[in-house]
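Undergrad: The structure that follows is given in the form of structure tokens.
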Amino acid sequence: MIPAAFEYFAPGSVAEAIGLLEQHGDEAKLLAGGHSLLPALKLRLSQPGVLIDISRVAELHGIEAGDRLSIGAATTYAAIASDPAVLGGCAVLAECAGQIGDIQVRNRGTLGGALAHADPAADLPAVVLALDAAIAVQGPAGARSISADDMFVEMLTTALEPNEVVTRVTFPVLGAGEGASYAKLKHPASRYAIVGVAAYVRLHADGSVAAARVAVTGAGPRAERQHATESALVGSAGDAAAIAAAAELAGESMEYLGDIHASETYRRAMVKVYTRRALEQAVARARG
Amino acid sequence: MIGASLPRPDAVGKVTGATAYPGDLVRAGMAHLAVVYAGRPHARIRHIDTSAARALPGVLAVLTAADVPFNRFGLIDADAPVLCDDVVRYVGDRVALVVADDPASARAATALVRVDYEDLPLVGDVHAALHPDAPLLHPHRPGNIVHRLQIRRGDPDRGFAEADIVLSETFRTSWQEHAFLQPEAGVAWVDDDGRIVVETAGQWLHEDRRQIAAMLRLPEDRVVVRYAAIGGAFGGREDLGVQHLLALAAWVCRRHVALVWRRDESMATRHKRHPFTIETRWGARRDGTITAVAARLLADGGAYASTSQEVVKIATLFATGCYEVANVALEGLALYTNNVPSGAFRGFGSPQAQFASESMVTRLARALGIDPVEMRRRNLYREGSIEPSGEPLPPGVSVRACLDAVVDELARQPQSAPPAGWRRGWGVACGIKNVGYSFGYPEQATATVELSGADVIERAVVRTGVADVGQGSHLAMRQIAAAALGLALGQVHLISDDSAATPDAGSASASRLTLVAGRAVHDAALAALARWHDEERPACATVQFRPRATTPLAAADGAGRPNYCYGYTAQALEVDVDPATGACRVVTIISAHDVGRAINRQQVEGQIEGALAQALGYALMEEFQMRDGQVRTAGFSTYLLPTALDMAPRIIPLILEHADDQGPFGARGMSEMPLVPFAPALAAAIHDATGAWLSRQPMTPERVRAAVRRATAGEEQP
């Protein structure tokens, strides 16, 4: 349970961090909250020669409120969960961040770390997908934005290029007629998602569904949108029957990962159950 | 004094950390041990090369089988090698023992011990063990059979023919990990008198001493075993864990040695509760009278005998639960496999057997349209009832009183609704478990009491080797002595944790210490008091208490007098079930226990609540898993334990006091009983809520959901 030796750098800026990444290449790993990396180091599943600690880079911190919420990548789950602007404008994000792991995890784990690591059972990728967040990154070739839909490629793999750093994530501020929710079947010990479903809906004035985004995490190798469910719901009355019918379509085309706690069959069933629960709550919130 | 909820004198030190557990005994300058485990389930050892390990700086010695004077140990059958010589039979088998200056060097050296193995065919489960062509784990054990017994009474064929209804089912239970708070640890050395001293935690000082002496081929008085504070046991410290390894290393190396196990070592290598497969058939008349029971109980004993023989006997005896059945045909079979050994665990075969029997009584009742409580009342053991082994029960049969108490309490419960979308149900079950050793095993406890003072008795010193594994037996012994002598608690001193300073009280197991050792303390106190009145100063008496004799069961039909005392219990559970996910939440537990006489009421309630938490884990989530002989759940991230948040918000313990004729002040044991009826009561409550029958525990959400779906689809029988 002791990591192999490594060299440690704590750069003061994103540019400096990128320079270090370029200098050390494959040898280097970025360290933010460390909640995935440090256990991997201790178990020697990962043995990087160089750790670049970006947790204290000032430009990666802070939550800026405006038409949209812009959250620094090194912002902790705890900071997100208790931020008044997040609670007011994008409560589902605060809700999700506030139930990750336990207090210690929430005080160390970071938004950017969770997205860049892309753990298949992490919670935030589902919310990022459902809310169509934009992920700002910076690398040797400059800055760019990755849409949530393009971010999660496969298990533990994202659209980030080598030597790119997640800098900020931008979320919508939800208004009247919009609602979102995160429903989760959690692993009793780790509290990772066995199945986590994030749902977003926008309603027409007549109460019918104008737009819907649903994403599932935990059940398979990567967080994934549920297009069939979304299509079935859009244009419907958004009532219990419509939600139940749409939820039945969830998870049909997904790849699943079973383990000793929950089989693939059970996860497939739970995707439908939790999709229904997330949608019911999202619609209820949209109706105010 | 008797019945008073006196606070535990050891509580404050345990909470503040002042109390020394075995891991706290490690001192600077001690050599450290690390174990080389087999890591493979079945293989022949061709060669062991320890040269690279011995060459590592800091390494003092690497011990192998050749260093062990008598290389076998075991509680009943000494069939387990201390260090394997020819064959390894499960992943946790010990192959070598490294002695080094520090823990890191010792651990590092384990990786340098090179063992050349030839893998042998795997016996992965009981069905593989039973196969006619199965490889034998122990060549002198044909059929891989640890123990087989049959119990027959009456005419089972006629009993089934007389039945208006016959139901059959196969029940399955899983391994359970003891998960005591403190993993195994200890220290050992050779003292100035040439005695080997082992300080550790266990459940029976004198049995640990016997096995260590046998291993080292020493007379028992050359071995001293002492217990530090014991961080839980539940049967999990009955088999030797680190005791013999410490003794061996200290003896061979003549050093002070220490060994502190990690949690994964403890979980992956130590014995577990037996998983059982129980095929059973029950017949009853329309009026609810049970006419016949047939059962075949298969237990996975794992690689070594441990206590499998006794566990399967107990399970088979309780295959009819606490019901009088005129016609029975029972067969019990414990088998060797290449899995982790199974052994003692709170309940000792009784919970597994009664998951099946209690479930069958409820199913018969539902099928006949009889209230499950009424069905029980018609068949329950009463005074003088005949056991399957053909003899009347020991006096004091109080299971009906336990059930009545639960039903009365149930009637007083407030009505409330489950959360939206959830369904609520109630389930009731009864239970029986022996107190003390069974089947003719020599049962005794010895205590010495010495009274001193000038004109009046000022001080009593009680000596008896009872292990306080956390259940509070030290305080109970002092309360019993104080009450017998009319002294204040502070005047009674107990010496109990040193095999050289105490007489043998037997093990902290089978719910027996309060009855057997408590009675020895009680009688020794009264004998010393008589001598005090005869002017002896100090007045000293030693008494050995031996309860009524039991007998082995006859090979042909299981006839015999198996036990001298039983504890009885009944429970009702209120359970909410989410049919969509299969999640269950236990809302209310009513748990009635005839304890004969509560010596310390608070401790009895604590035992009930603690056992209920363990029972809830066993019934709902705890599932130690192996596949192909490899452990899949060697930590608490994979082996799920209940937390405070999983416990029922309402726990109502009901303590009945029908005096036992042998126990001190009428006390009888109770610490295992809450585990017995819990799982079948839960299964009954799930059925009440959803119509689904569960035949397999733990009743995980996945299994409950599947059962609910089968029931909804109408595939289930009533």
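Undergrad: Determine whether the stretch B:561-577 contains at least one residue that is over 22 Å from the mean Cα position of the chain (by Cα), in a strand (DSSP E or B) and of a type in the set (Gly, Ala, Ser).
TA: Yes: the stretch B:561-577 contains one or more residues that are over 22 Å from the mean Cα position of the chain (by Cα), in a strand (DSSP E or B) and of a type in the set (Gly, Ala, Ser).
Undergrad: Moving to a separate point now. Condition test on A:GLY142, is it without any contact (Cβ under 8 Å) to a residue 12 or more places away in the chain, more than 14 Å from every other protein chain (Cβ to nearest Cβ), on the phi > 0 side of the Ramachandran plot and surrounded by fewer than 18 Cβ atoms within 10 Å (Cβ to Cβ)?
TA: Values: without any contact (Cβ under 8 Å) to a residue 12 or more places away in the chain: yes; more than 14 Å from every other protein chain (Cβ to nearest Cβ): yes; on the phi > 0 side of the Ramachandran plot: yes; surrounded by fewer than 18 Cβ atoms within 10 Å (Cβ to Cβ): yes.
When the stated conditions are applied, A:GLY142 passes them.
Undergrad: For A:ALA219, work out the one condition from (1) under 18 Å from A:ALA118 (Cβ atoms); (2) part of a strand (DSSP E or B) it doesn't fulfil.
TA: Status for A:ALA219: all satisfied but (2).
Undergrad: Taking only pairs six or more apart or across chains, which ones have beta-carbon atoms under 8 Å, a first residue in the stretch A:33-45 that is β-branched (Val, Ile, Thr), and a second residue that is crowded, with 16+ Cβ neighbours inside 10 Å and at pLDDT 90 or above?
TA: none
Undergrad: Name the pairs whose Cβ atoms lie under 7 Å apart, with the first residue in the stretch B:696-715 and more than 12 Å from every other protein chain (Cβ to nearest Cβ), the second among the polar types (S, T, N, Q) and part of a helix (DSSP H, G or I), and 6 or more positions between them or separate chains?
TA: B:ALA711/B:THR690
Undergrad: Something else about it: If you check A:ARG268 against the conditions, is it within 30 Å of B:ARG632 (Cβ to Cβ), away from chain B (no Cβ under 11 Å), among the basic types (Lys, Arg) and crowded, with 17+ Cβ neighbours inside 10 Å?
TA: yes
Undergrad: For B:GLY635, all conditions in the list (1) touching a residue at least 40 places away in the same chain (Cβ under 8 Å); (2) part of a loop (DSSP other than H, G, I, E, B); (3) more than 20 Å from the chain's Cα centre (by Cα); (4) more than 14 Å from every other protein chain (Cβ to nearest Cβ) hold save one; what is the number of the exception?
TA: Among (1) touching a residue at least 40 places away in the same chain (Cβ under 8 Å); (2) part of a loop (DSSP other than H, G, I, E, B); (3) more than 20 Å from the chain's Cα centre (by Cα); (4) more than 14 Å from every other protein chain (Cβ to nearest Cβ), B:GLY635 violates only (4).
Undergrad: Check whether at least one residue in the stretch B:372-379 is touching a residue at least 12 places away in the same chain (Cβ under 8 Å), farther than 23 Å from B:ASN563 by Cα and under 19 Å from the mean Cα position of the chain (by Cα), and report yes or no.
TA: No - not one qualifying residue is present in the stretch B:372-379.
Undergrad: In a loop (DSSP other than H, G, I, E, B) and under 30 Å from B:THR362 (Cβ atoms), is that true of B:ALA229? So that I can check it myself, show each step before the final result.
TA: Working: in a loop (DSSP other than H, G, I, E, B): yes; under 30 Å from B:THR362 (Cβ atoms): no.
The answer is no for B:ALA229.
Undergrad: Step by step: first the residues of the stretch B:607-622, then only those that are within 14 Å of chain A (Cβ to nearest Cβ) and part of a helix (DSSP H, G or I), then the one that is farthest from B:GLY427 (Cα to Cα). Which residue is that? Walk me through how you get there before you give the answer.
TA: Going through the stretch B:607-622, the residues within 14 Å of chain A (Cβ to nearest Cβ) turn out to be B:616-617, B:620-622.
Still in the running and part of a helix (DSSP H, G or I): B:616-617, B:620.
Working: B:LEU616: 14, B:GLY617: 17, B:LEU620: 15 Å.
Among them, the one singled out is B:GLY617.
Undergrad: Look at A:ALA219 and say whether it is surrounded by fewer than 22 Cβ atoms within 10 Å (Cβ to Cβ), under 29 Å from B:GLU623 (Cβ atoms), within 21 Å of the chain's Cα centre (by Cα) and within 14 Å of chain B (Cβ to nearest Cβ). Steps first, answer last, please.
TA: Details: surrounded by fewer than 22 Cβ atoms within 10 Å (Cβ to Cβ): no; under 29 Å from B:GLU623 (Cβ atoms): yes; within 21 Å of the chain's Cα centre (by Cα): yes; within 14 Å of chain B (Cβ to nearest Cβ): yes.
Criteria not met by A:ALA219.
Undergrad: Quick check on my filter: what residues within the stretch A:18-73 are charged (D, E, K, R) and assigned to a loop (DSSP other than H, G, I, E, B)?
TA: Keep residues of the stretch A:18-73 that are charged (D, E, K, R), which gives A:22, A:26-27, A:29, A:42, A:44, A:53, A:56, A:59, A:64, A:67-68.
Answer for the stretch A:18-73, where residues must be charged (D, E, K, R) and assigned to a loop (DSSP other than H, G, I, E, B): A:ARG44, A:ARG56, A:ASP67.
Undergrad: Sort out which residues of the stretch B:163-190 are under 24 Å from B:ARG273 (Cα atoms) and in a loop (DSSP other than H, G, I, E, B), and write them in order of number.
TA: Within the stretch B:163-190, B:THR173, B:SER174, B:GLU177, B:HIS178, B:ALA179, B:PHE180, B:LEU181, B:GLN182, B:PRO183, B:GLU184 meet the criteria.
Undergrad: Now for a separate question. Return yes or no: is A:ALA232 more than 14 Å from chain B (Cβ to nearest Cβ), part of a helix (DSSP H, G or I) and either under 22 Å from A:LEU93 (Cβ atoms) or free of Cβ contacts under 8 Å to residues at least 40 places away in the same chain (or both)?
TA: yes
Undergrad: What is the one condition in (1) in a loop (DSSP other than H, G, I, E, B); (2) on the phi < 0 side of the Ramachandran plot; (3) over 12 Å from the mean Cα position of the chain (by Cα) that A:ASN163 does not satisfy?
TA: (2)
Undergrad: Does A:ALA286 qualify as being touching a helix residue (DSSP H, G or I) at 6+ places or on another chain (Cβ under 9 Å) and either crowded, with 22+ Cβ neighbours inside 10 Å or away from every other protein chain (no Cβ under 14 Å) (or both)? Give the derivation first.
TA: Values: touching a helix residue (DSSP H, G or I) at 6+ places or on another chain (Cβ under 9 Å): no; either crowded, with 22+ Cβ neighbours inside 10 Å or away from every other protein chain (no Cβ under 14 Å) (or both): yes.
Answer is no for this residue.
Undergrad: I would also like to ask the following. Which of the residues that make up the stretch A:243-262 are touching a residue at least 24 places away in the same chain (Cβ under 8 Å), surrounded by fewer than 19 Cβ atoms within 10 Å (Cβ to Cβ) and away from every other protein chain (no Cβ under 14 Å)? Can you show your working first?
TA: Quick first cut of the stretch A:243-262, residues touching a residue at least 24 places away in the same chain (Cβ under 8 Å) only: A:243-244, A:246-248, A:250-257, A:261-262.
Subset that is surrounded by fewer than 19 Cβ atoms within 10 Å (Cβ to Cβ): A:244, A:248, A:252-257.
Matches in the stretch A:243-262: A:GLU252, A:SER253, A:MET254, A:GLU255, A:LEU257.
Undergrad: Would you confirm whether any residue within the stretch B:497-512 is surrounded by fewer than 24 Cβ atoms within 10 Å (Cβ to Cβ), within 14 Å of another protein chain (Cβ to nearest Cβ) and either of a type in the set (Phe, Trp, Tyr) or farther than 30 Å from B:LEU149 by Cβ (or both)?
TA: Going residue by residue through the stretch B:497-512, those that are surrounded by fewer than 24 Cβ atoms within 10 Å (Cβ to Cβ) are B:497-498, B:500-504.
Still in the running and within 14 Å of another protein chain (Cβ to nearest Cβ): none.
No, the stretch B:497-512 contains no residue that is surrounded by fewer than 24 Cβ atoms within 10 Å (Cβ to Cβ), within 14 Å of another protein chain (Cβ to nearest Cβ) and either of a type in the set (Phe, Trp, Tyr) or farther than 30 Å from B:LEU149 by Cβ (or both).
Undergrad: Further, regarding this structure: Does B:HIS687 satisfy the criteria of being assigned to a loop (DSSP other than H, G, I, E, B) and modelled with pLDDT of 95 or more?
TA: On the way: assigned to a loop (DSSP other than H, G, I, E, B): no; modelled with pLDDT of 95 or more: yes.
The answer is no for B:HIS687.
Undergrad: Follow-up. Only one of A:GLY196, A:GLY238 is touching a strand residue (DSSP E or B) at 6+ places or on another chain (Cβ under 7 Å), crowded, with 23+ Cβ neighbours inside 10 Å and over 30 Å from B:SER637 (Cβ atoms); which? Lay out the reasoning, then the answer.
TA: Numbers: A:GLY196 fails: over 30 Å from B:SER637 (Cβ atoms).
Going through A:GLY196, A:GLY238 in turn, just one is touching a strand residue (DSSP E or B) at 6+ places or on another chain (Cβ under 7 Å), crowded, with 23+ Cβ neighbours inside 10 Å and over 30 Å from B:SER637 (Cβ atoms): A:GLY238.
The values are calculated or read from the model by the stated rules, or taken from the named source; none is laboratory data. These numbers were taken from a predicted model, which means no experiment stands behind them. No Cβ is skipped: glycine too gets one built from the backbone with ideal geometry, and neighbour counts run over all protein chains shown.
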